[in-house]
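Structure record follows, encoded as structure tokens.
The values are calculated or read from the model by the stated rules, or taken from the named source; none is laboratory data. Given the structure is predicted, the values throughout are model-derived calculations rather than measurements. Note that we place each Cβ from the backbone using ideal geometry, even for glycine, and neighbour counts take in every protein chain shown. Surface accessibility is based on the protein's heavy atoms, side chains included, excluding ligands, DNA and RNA. Shrake-Rupley method; radii C 1.70, N 1.55, O 1.52, S 1.80 Å.
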Amino acid sequence: MKPIHLTTAFALAASAALGVGTIQTAQAATLKMECGATGNDRAFCDYVEQRFTEATGHDLEFVELPNSSSEKLGLFQQIFASGQSGVVDVFQADVVWPGILAPHMLDLSDGLGDLEPHFFPGAWQNNVIDGELKAVPGLIDTGLLFYRTDLLDQYNEQPPQTWAEMERIARKIQAAEREAGHDNFWGLVFQGKAYEGLTCNALEWVSSHNGGTLVNADGEITINNAGAAEGLDMAAGWIGDIAPRGVMGYQEEESRAVFQNGDALFMRNWPYAYLLAQDEGSPVKGKVGIVPLPKASGDGQHAAALGGWQWAVSRYTDHPDAAKALVRILADAETQTQRFLMTGVSPARKDVYDDPRILDKAPYMSELLSVFEAAIARPASPTGDNYARVSNAFYNAAFAVLNGEMSGEKAVADLERRLARIKRNAW
Ligand code: GLC
């Protein structure tokens, strides 16, 4: 049944009172939903449109936004500051945004709160701000190391456990491949541009050296330590050696382009890249493996950043009920399974991980569950609406180290002071 909106009901009553004789029907709403522009995102959006229009009789239009989480956040802040209702109704919020955008997100508790038991508890709770459900998890992400199975076999190597092993193997195979005429072959690609993705990569370098998470759960600034400095220096050492200088301009898709083209041995990326790299037409189809990101030698640990995107509704929407109906479709098991099959992103619903359609395509999925559980959150909760400034300070510091402008030691000392100025007395 089509929901009848209050405004429509009011218009009908008003026209009846005025004696307007035409028979009016409830107007279908046109909802605007964010649709990504990566890989097969559009096919997924078309699937959602079909489900939504069939179920509700409303229409759906898609809005395309920039890929970079940092750029998107800036754009949403502008859109929401203007309080305009017509720009976007349903959008994706990065896992680190609820504390920043909460005032602009509709409370979904009433209508969608019953979905909680199906989702990873951490992902769900992350969207509950001051008791209000601000979004429903769409996908969950974690940093992974991708490698070329064929090349490791050919050169008699195993997937690395430590960064030192990774560097050694990368150097060896890069040299041999170039020797064999593959001039633009590199050992490693990752996300080194100054944006949110670098925050995730650098957090992994720092945490794997037991350098913490910049700000701990109690809100204390912890970044100024030897492990953190070492992690940043390690990555700086890769530039121009096993990783191209251009990596300092790479986001996820630039890294995937190089790896998928067959020009890199290792790649740090999120799970979505697996299915795309294994797609028909991919030059590395059938030659891609994934393992947890390496740890530092000695007492280091494997550290993967936790990422993910949530379906949220703009507080300024004119169609809150239709928007909630759309989020319910986006959140259901079939949609999350279809999205994985089409785009490769990992579902945020834990009950679809044993779906044979998922396991057939990506047998590693069942193992990912434990990686998700151990993944390291960026300090978004303790820093609340200051998180964007904290992350900005961190990725700029990491970038300065990659770029050779300063040592890891100086960068973490400066960053500590900068974070203290952002924090003042309290976050
Ligand atoms: C992925 C993650 C997201 C993160 C972003 C950084 O999209 O899911 O949480 O902020 O990468 O580039």
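Per residue, the chain exposes 42 Å² of accessible surface when a 1.4 Å probe is rolled over the protein heavy atoms with every protein chain present.
Roughly how big is the range 355-427's charge dipole about its Cα centre, with Cβ charges of +1 (Lys, Arg) and -1 (Asp, Glu), in debye to the nearest 20? If you can, show how the numbers build up before the last one.
Values: 10 positive and 9 negative charges, 96 e Å.
Dipole size: approximately 460 debye.
The heavy atoms of TYR364 offer some 20 square angstrom of accessible surface to a 1.4 angstrom probe. As a fraction of the 1.4 Å probe accessible area of the chain, surface on carbon and sulfur atoms comes out at 50 percent. Beyond 21 Å in Cα-Cα separation lie the following of the pairs LYS295/LYS361; LYS193/LYS361; LYS32/LYS72: LYS295/LYS361; LYS193/LYS361. Within the full protein context, the accessible area of SER109 is estimated at about 50 Å² for a probe radius of 1.4 Å. Give the shape of the range 361-427 as rounded, prolate or oblate, defined through the alpha-carbon gyration tensor: a ≥ b ≥ c are the square roots of its eigenvalues, a/c under 1.5 means rounded, and otherwise the shape is prolate if a/b is larger than b/c and oblate if not. In terms of gyration-tensor shape, oblate.
Selection among GLY111, TRP163, PRO356 by position relative to the dipole of the chain gives TRP163 as farthest towards the positive end (Cβ unit charges, Cα centre). Using C-alpha pairs under 8 Å with a sequence gap of at least 6, the mean separation divided by the residue count of the chain gives a relative contact order of 24 percent. The antiparallel fraction among DSSP beta bridges confined to the chain stands at about 70%.
Translational diffusion coefficient, Stokes-Einstein: compute it for the range 161-278 using the Kirkwood radius over C-alpha pairs as Rh, at 37 °C and 0.692 mPa s, and state it as an integer in µm² s⁻¹. Result for D is 218 µm²/s.
Would you give the gap between the C-alpha center of the range 196-214 and the C-alpha center of the range 86-138, rounded to a whole Å? Their Cα centres are 25 Å away from one another.
Restricting the calculation to Cα atoms, the range 321-375 yields a radius of gyration followed by a Dmax of 12.2, 38 Å.
In the range 217-270, a dipole from Cβ-located charges (positive for Lys and Arg, negative for Asp and Glu) runs towards its positive end, and of GLY219, MET234, ASN269 it is ASN269 whose Cα lies farthest in that direction.
Temperature 20 °C, viscosity 1.002 mPa s: under these conditions the Stokes-Einstein estimate for the range 214-321, based on its Kirkwood radius over C-alpha pairs, is 123 µm² per second. In the calculated pair-distance distribution of the range 284-427, the portion above 20 angstrom amounts to 67 percent of the Cα-Cα pairs. Applying a 4.7 Å cutoff between beta carbons, the unpaired cysteines of the chain are CYS200. When the helices of the chain are scored as -39500 (n - 2.57) per DSSP H run of n ≥ 4 and the total is divided over every residue, the value at 222 nm lands at -13500 deg cm²/dmol. The accessible area of SER366, taken with all protein chains in place and a 1.4 Å probe, comes to roughly 60 Å². At the listed q of 0.15, 0.16, 0.20 Å⁻¹, the Debye profile of the range 148-224, built from one uniform point per Cα, gives log10 I(q)/I(0) equal to -0.69, -0.74, -0.94. Computed about the Cα centre, the dipole magnitude for the chain is approximately 620 debye when only Lys and Arg (+1) and Asp and Glu (-1) carry charge, each at its Cβ. Per-residue Karplus couplings for the range 139-148, computed as 6.51 cos²θ - 1.76 cosθ + 1.60 with θ equal to phi - 60°, are listed in order as 9, 10, 10, 8, x, 9, 9, 8, 9, 8 Hz, Gly and Pro entered as x.
Projecting the Cα positions of ALA374, ALA398, LEU341 onto the charge dipole of the range 325-427 (unit charges on Cβ atoms of Lys, Arg, Asp and Glu, taken about the Cα centre) puts ALA398 furthest along the positive direction.
Just so you know, the Rg over Rh for the range 87-218 is 1.12, from Cα atoms, with Rh as the Kirkwood radius.
Apply the Debye scattering formula to the chain, with a single equal point scatterer on each alpha-carbon and no solvent, then give log10 I(q)/I(0) at q = 0.07, 0.10, 0.13 Å⁻¹. Taking Cα atoms of the chain as identical point scatterers yields -0.37, -0.71, -1.14.
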